[in-house]
Amino acid sequence: MSNFDVTKSELDKVGCGMCLAKWTQVTMHLHNGMTHSCHHPVPHKIPLSEIKENPTALHNTKYKKLARKEMLENKRPGECDYCWNVEDNSNSFSDRVFKSNESWSLPHLEEIKGLDWRANYNPRYVEVSFSNTCNFKCAYCSPMASSKWVEEIEKFGGYPLSYNFNNLEWLKETGQLPYKQTEYNPYVESFWNWWPELYRDLHTFRITGGEPLLAKDTWKVLDFIAETPEPNRKLNLSINTNLGVPKNLINEFVKKAKKIIEEDRVNEFVIFTSCETWGEQAEYIRFGLNFNQFLENVEYILQELPKVTINIMSTFNALSPFGYDKLIDKVQELKEKYQNKERYWKSAIQLDTAYLRWPPHLSVKILDREHKDLILESAKKAFYYATPQFTNDYFGFSDTEVQKIKRLYDFAISDDGFEVEKNRLDFVKFVDEYDIRKGTNFLNTFPQLENFYNEIRNKKR
Amino acid sequence: MKLEIKKGEPWVMWPDLLVGNFNDFPANKIFDHKGDYVFTIEFELVEQITDKACLFSKLPSYFGVDLRNGGITLTYSEKDKETDYIDANYNWLIGRKYELKIEKKEKNVILTIDKFQIFNFKIENDLKEDSDSHIIFGAGNFPKNGFNLNYFNVILYSVKIIRDSEVISHNDFEKFIHGKSYDITGNCNFIHKII
């Protein structure tokens, strides 16, 4: 029996829908008061009335407690249907097994199954977004995660595609419009009321955004960890950053990280950043990015923080294929240059490739086959860069890094009912509007897509 | 271009378990193939052969070619039989490029050097197959195993593998990426040094 079999069996003894992540994991979008445990259920609103009495309601909402009740009573909460679909239609383990098997979950099984469903529980794996303040407005992002997007949409409205892309109306209607950082935010206030107690039990804490280095609360967290007389030395700390903030902030961040690391105040410290391709094409996708400055900052951190790993999260999209091989070359160069045996993770830098599903007009699925084949070539390049067998070298692309790029190609060429023509039309409308609003020039930046673009435009007429 | 294999520093075609993601039939399994195939290796000797020198060996079920002073040996393993070998005389010259070709057609195995037939014999059963086959160049075993090594200095110019009638791998040693020879078929059947 595998570990997963054992874990599933233990969970099933409690109930057919039991999943520890409902207690042990949380993502808190404090900038708009939403929460969910595990990324599959749609985030739900945290009632202000609940956090007034109980700051842990940022995680322990009455809504979530009712789902826990179902789990403890041998029922399957409806919001977790992603896992039920997997379990009912395949022999694979669902994510409830994987997440419950994690080191931040499984050790707490006995404790959790003995709890009353009404009990508050301190999560071990916490992701938090304090603010949507961001100096970028990436093509695939939204007002929910970028204040720059909010500004643009307030000024020009949503993008007139086959639907009103990135409009603010539905955010307002669903109560998801983010607080401005300058406004009083009761969710952030509750977080700080809870934090001293929460911190003590944390296994993993990850700050996302917006751009976390532009959120004052990120700095407050770093200062707390750097100064507290009783540090939680088991903590795995992660911070997302676009590495495109002013240099003085990068310097300050490195200074604080250095103190935390050198005083062994955490178990590990990992930095997550983003990049989807190379040079000016990357700058087009991530509007606000200075690509060369980004690379300088990556190298600066790898040099100054010799224990830290940088993970580049790459949301691979229709504009990524043409320079991705150069990004792979650079990552390999940095892996080699900055490898050492002190890093928390094996590699100095990782390229974590994921495919973009939303917005669909930027999906790789809209591309022609010749462009999709470039993804396969990138995957092969990463494969050549993989850590070779039977050698003493330990730098190189990991199996996971390689497989994720190959998986992306498989996704790109798969036929799953994706509406190609509709999304191609939306793509052209999108880049036309994007260029007008942002002063960019799509055809100059992506000459490889000139024919593709023109053919769609001609059809549109 | 060329691949200079130094004595005691063999190379291996055993790309990685991931190669299965990139092609349906990894070339390191060619000697497991029940159909027809052609394995061609172009090489040059840089010194006089005194002891047995292993040009290449497929493991773990053995299939390989050893060069001797004045001769050549092909060792092979059939299913349900002991490992066997076949010998022939051959006068090797230093600094000369050779093309050694092993062709399997149904149950016939033919070995030629520069189109001159050296061996032609019939196997009764299929050759032994393995789940984790690999082909070592310049040694008869992994160095860590310490036996049947038969190292020597040799230069490889090309390793080309045809399965049925399709070229599934061709390393011409023009290009290397991260210490791996580039397979110009695009199938990622690279060859790399064992350290």
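The values are calculated or read from the model by the stated rules, or taken from the named source; none is laboratory data. Because the structure is predicted, anything quoted here is derived from the model rather than measured. Heads up, the Cβs are rebuilt from the backbone with ideal geometry, glycines too, and the neighbour counts pull from every protein chain shown.
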B:GLY138 fails exactly one of (1) surrounded by fewer than 17 Cβ atoms within 10 Å (Cβ to Cβ); (2) touching a strand residue (DSSP E or B) at 6+ places or on another chain (Cβ under 8 Å), namely (1)
Criterion first (aliphatic (A, V, I, L, M) and without any contact (Cβ under 8 Å) to a residue 24 or more places away in the chain) does B:LEU45 satisfy it?
no
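Condition test on A:TYR140, is it in contact with a helix residue (DSSP H, G or I) (Cβ under 8 Å, 6 or more places away or on another chain), of a type in the set (Phe, Trp, Tyr) and part of a loop (DSSP other than H, G, I, E, B)?
It is true that A:TYR140 is in contact with a helix residue (DSSP H, G or I) (Cβ under 8 Å, 6 or more places away or on another chain), of a type in the set (Phe, Trp, Tyr) and part of a loop (DSSP other than H, G, I, E, B).
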Taking B:GLY35, is it away from chain A (no Cβ under 14 Å), surrounded by fewer than 18 Cβ atoms within 10 Å (Cβ to Cβ) and at positive phi?
no
If a residue must be in contact (Cβ under 8 Å) with a residue 40 or more places away in the chain, closer than 24 Å to A:ASN3 by Cα and surrounded by 14 or more Cβ atoms within 10 Å (Cβ to Cβ), how many such residues does segment A:59-101 contain?
17
Scan segment B:72-85 and tell me whether some residue there is without any contact (Cβ under 8 Å) to a residue 24 or more places away in the chain and farther than 26 Å from B:ASN28 by Cβ.
no
Between B:LEU17, B:LEU59, which is under 24 Å from A:THR387 (Cα atoms), within 14 Å of another protein chain (Cβ to nearest Cβ), surrounded by fewer than 16 Cβ atoms within 10 Å (Cβ to Cβ) and of a type in the set (A, V, I, L, M, F, W, C)?
B:LEU17
Which listed residue, of A:LEU213, A:LEU177, A:LEU171, is in contact with a Leu (Cβ under 9 Å, 6 or more places away or on another chain), touching a residue at least 24 places away in the same chain (Cβ under 8 Å) and not in a helix (DSSP H, G or I)
A:LEU177
Within segment B:148-194, residues among the β-branched types (Val, Ile, Thr) and free of Cβ contacts under 8 Å to residues at least 24 places away in the same chain come out as B:VAL167, B:ILE177, B:ILE184, B:THR185
Restrict the check to segment A:106-122 and report whether at least one residue is surrounded by fewer than 18 Cβ atoms within 10 Å (Cβ to Cβ), among the basic types (Lys, Arg) and either within 30 Å of A:GLY15 (Cα to Cα) or touching a helix residue (DSSP H, G or I) at 6+ places or on another chain (Cβ under 8 Å) (or both).
yes
Checking B:ASN120 against (1) free of Cβ contacts under 8 Å to residues at least 40 places away in the same chain; (2) closer than 25 Å to A:THR387 by Cβ, which single condition isn't satisfied?
(2)
Collect the residues in segment A:242-265 that are part of a loop (DSSP other than H, G, I, E, B) and either surrounded by 18 or more Cβ atoms within 10 Å (Cβ to Cβ) or not assigned by TED's automatic domain parsing to the domain that holds A:ASN311 (or both), keeping them in residue-number order.
A:ASN242, A:LEU243, A:GLY244, A:VAL245, A:ARG265
Please pick out the residue among B:ARG96, B:ARG68 that is among the charged types (D, E, K, R), free of Cβ contacts under 8 Å to residues at least 24 places away in the same chain and surrounded by fewer than 19 Cβ atoms within 10 Å (Cβ to Cβ).
B:ARG68
Filtering strands (runs of 3 or more DSSP E) wholly in segment B:117-191 for at least 2 residues that are away from chain A (no Cβ under 14 Å) gives B:154-163, B:166-177
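Taking B:LYS180, is it under 16 Å from B:ASN28 (Cα atoms), at pLDDT below 95, touching a His at 6+ places or on another chain (Cβ under 8 Å) and among the charged types (D, E, K, R)?
So B:LYS180 passes the test.
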With a cut-off of at least 1 residues that are within 14 Å of another protein chain (Cβ to nearest Cβ) and surrounded by 14 or more Cβ atoms within 10 Å (Cβ to Cβ), name the helices (runs of 4 or more DSSP H) lying wholly within segment A:331-445.
A:369-384, A:399-413
Within segment A:132-168, the residues that are surrounded by fewer than 22 Cβ atoms within 10 Å (Cβ to Cβ), over 22 Å from A:ASN423 (Cβ atoms) and free of Cβ contacts under 8 Å to residues at least 60 places away in the same chain are A:GLU151, A:GLU154, A:LYS155, A:LEU168
